[in-house]
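Asks: Here it is, the structure in full.
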Amino acid sequence: MTVSEPQPSLAPLRPSVRFMLSHPAHFMALGFGAGLAPKAPGTVGTLWAWLAFLVLQQWLGTQQLGLLIGAGTLAGWWACTVTARHMGVSDPGSIVWDEVVAFWLVLWLAMPMGLWGQAVAFALFRFFDAAKPGPVAWADQLFKGFGWRGGWGILFDDFVAAFCTLLVIAVWRFFW
């Protein structure tokens, strides 16, 4: 006898505060509330990530921020997997932890830079994440569904968007 993956529940597609607070995975995956934004939750989640990073870097060193991003990726994989399953949607827009940890990675690798540089990084990341050109579209289709594979897929395309953002920043810095 084999153990099968639990089936997705018929939870509402637009989560509520009650849903978010009903499980620690929901709280994390929904970006501590940023994913509840009625419009553009991915943008709101990325803004939250930016603000949180600026606050965290006051207390954490470069190595500690890197460890936080690594731990946040692993914990986020679990949280995104559980929350998507509970919502019954393989990659719901209200899950914003993928934007949070991927944008932290952008800032961690691209800093130090001033406010304008951070704003450019934000705009580039949002472009790659929302428009999904080329490699981001490929990554978005690579891991679909429910379970651990689908949970990783929620995160993976945002990491590819982060890589594209960092590549543009690196080329920009090289030539200017």
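Asks: Taking the criterion of being buried (at least 19 other Cβ atoms within 10 Å of the Cβ) and among the polar types (S, T, N, Q), would at least one residue in the range 137-148 satisfy it?
Replies: The answer is no, given that none of the residues of the range 137-148 is buried (at least 19 other Cβ atoms within 10 Å of the Cβ) and among the polar types (S, T, N, Q).
Asks: Going through Leu60, Leu54 one at a time, which residue ends up being open to solvent by 10 Å² or more (accessible area, probe 1.4 Å), of a type in the set (A, V, I, L, M), without any contact (Cβ under 8 Å) to a residue 60 or more places away in the chain and outside any helix (DSSP H, G or I)?
Replies: Leu60
Asks: What number goes with the only condition from (1) open to solvent by 10 Å² or more (accessible area, probe 1.4 Å); (2) modelled with pLDDT of 95 or more; (3) in contact with a Phe, Trp or Tyr (Cβ under 9 Å, 6 or more places away or on another chain); (4) within 26 Å of Phe19 (Cβ to Cβ) that Phe103 does not pass?
Replies: All conditions are met except number (1).
Asks: Right, another one. Keeping to the range 26-44, report how many residues are surrounded by 21 or more Cβ atoms within 10 Å (Cβ to Cβ) and outside any loop (DSSP other than H, G, I, E, B).
Replies: Matching residues across the range 26-44 total 8.
Asks: For the subset of the range 114-153 comprising residues that are assigned to a helix (DSSP H, G or I), within 15 Å of Thr165 (Cβ to Cβ) and among the small types (Gly, Ala, Ser), which member is modelled with the lowest pLDDT?
Replies: Per the stated criteria, the residue is Ala139.
Asks: How many residues, within the range 112-136, are farther than 20 Å from Val96 by Cβ and open to solvent by 30 Å² or more (accessible area, probe 1.4 Å)?
Replies: Residues in the range 112-136 being farther than 20 Å from Val96 by Cβ and open to solvent by 30 Å² or more (accessible area, probe 1.4 Å): 9 in total.
Asks: Could you give every pair whose Cβ atoms fall below 9 Å, whose first residue belongs to the range 72-87 and is within 16 Å of Phe159 (Cα to Cα), and whose second residue is of a type in the set (D, E, K, R) and crowded, with 21+ Cβ neighbours inside 10 Å, counting only separations of at least 6 or pairs across chains?
Replies: Once the first residue is within 16 Å of Phe159 (Cα to Cα) and sits in the range 72-87, its partners that are of a type in the set (D, E, K, R) and crowded, with 21+ Cβ neighbours inside 10 Å give Gly76/Asp98; Cys80/Asp98.
Asks: Does Trp77 meet the test of being in a helix (DSSP H, G or I) and within 24 Å of Val171 (Cα to Cα)?
Replies: Taking the combined requirement at face value, the residue does not satisfy it.
The values are calculated or read from the model by the stated rules, or taken from the named source; none is laboratory data. Fair warning: this is a prediction, and the values are worked out from it, not measured in the lab. Positions of Cβ are backbone-derived with ideal geometry, glycine not excepted, and every protein chain shown enters the neighbour counts. The area values use the complete protein model at the heavy-atom level, side chains included, leaving out ligands, DNA and RNA. Shrake-Rupley method; radii C 1.70, N 1.55, O 1.52, S 1.80 Å.
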